[in-house]
Structure formats: C-alpha cells, structure tokens
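Following this message is one structure expressed as structure tokens.
The values are calculated or read from the model by the stated rules, or taken from the named source; none is laboratory data. Just so it is clear, the model here is predicted, and its values are computed rather than measured. Every residue, glycine among them, receives a Cβ derived from its backbone with ideal geometry; neighbour counts consider all protein chains shown.
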Amino acid sequence: MGKKLTFNDEKRDNGPGVLQTLVVTGRSLGAAGFGWAQWAAKKTGRTGWVLLTTAVVTLVPLVFEITREAQLIEQEKIHINALLAEGKTRQEIAQMGLYSALDPNVMGPEAS
C-alpha cells in the first residue's frame, strides 16, 4: 500500500492566515484613522484661526465702543444734573442738545 497522508504532511497554500489578515487590516485602519485625525486637526485649526481673528477684528472694537458710549452717557447725566442744579428746565437742557434730559414719552402726546 501507499503512504498514508496525514494533516501535517499535506501542504496547503491558502494565503495569509487569519491573524495576519487581522494585523494588516488593523494597521490599515490605524493609518487611515491617523490620516483622518491629522486632516480634522488641520481643519479645526484653520477654522479656529478664522473664528478667532474675526472675533478680534469685530468684537474688540465693539467692546471699546460700548465702553465709550457708557462713559458718554454717564458724562451727559453729570452735565444734566449740573444744569438742573443751576436752575435750567429739562426743556431748556434738551434745546441745548442733551435730549436724554427729557423723559421718554413712549405712548405719544395723547397719554400725557
């Protein structure tokens, strides 16, 4: 009789094994994930830069203007109080250009 073949004697070439396939797939996914992370970091950095510079260019002058306006209103109040102390009426002060001396008439002349 002939030689009986066993499992160890038989050579099979079925390509890479399962473990090697998993390792190659893991490396490929890792490289793709790293590439995606780099791309996302660059886009986030650029977007952040655009938002930050836009905020600096628009919001900082706005804050300065709001602060200046608040100081101006405070100075007008001091000036109006000084003129009222001198005996001027609110209408006279308004005719001088300080219209904040008059109380706002929201409902119109009929409400008075």
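In a helix (DSSP H, G or I), in contact with a Ser or Thr (Cβ under 8 Å, 6 or more places away or on another chain) and either touching a residue at least 12 places away in the same chain (Cβ under 8 Å) or of a type in the set (Ser, Thr, Tyr) (or both), is that true of Ile93?
no
Residue by residue through segment 73-82, note down the ones that are within 40 Å of the chain's Cα centre (by Cα) and either farther than 20 Å from Asn105 by Cβ or surrounded by 14 or more Cβ atoms within 10 Å (Cβ to Cβ) (or both).
Glu74, Gln75, Glu76, Ile78
Looking at (1) outside any helix (DSSP H, G or I); (2) surrounded by fewer than 11 Cβ atoms within 10 Å (Cβ to Cβ); (3) not hydroxyl-bearing (Ser, Thr, Tyr), which is the one condition that is false for Glu69?
(1)
Here's another thing I want to ask about it. Looking at segment 16-31, can you tell me whether even one residue there is exposed (fewer than 10 other Cβ atoms within 10 Å of the Cβ), part of a helix (DSSP H, G or I) and modelled with pLDDT under 80?
yes
From the list Ala85, Ala41, which residue is at pLDDT 80 or above and within 26 Å of the chain's Cα centre (by Cα)?
Ala41
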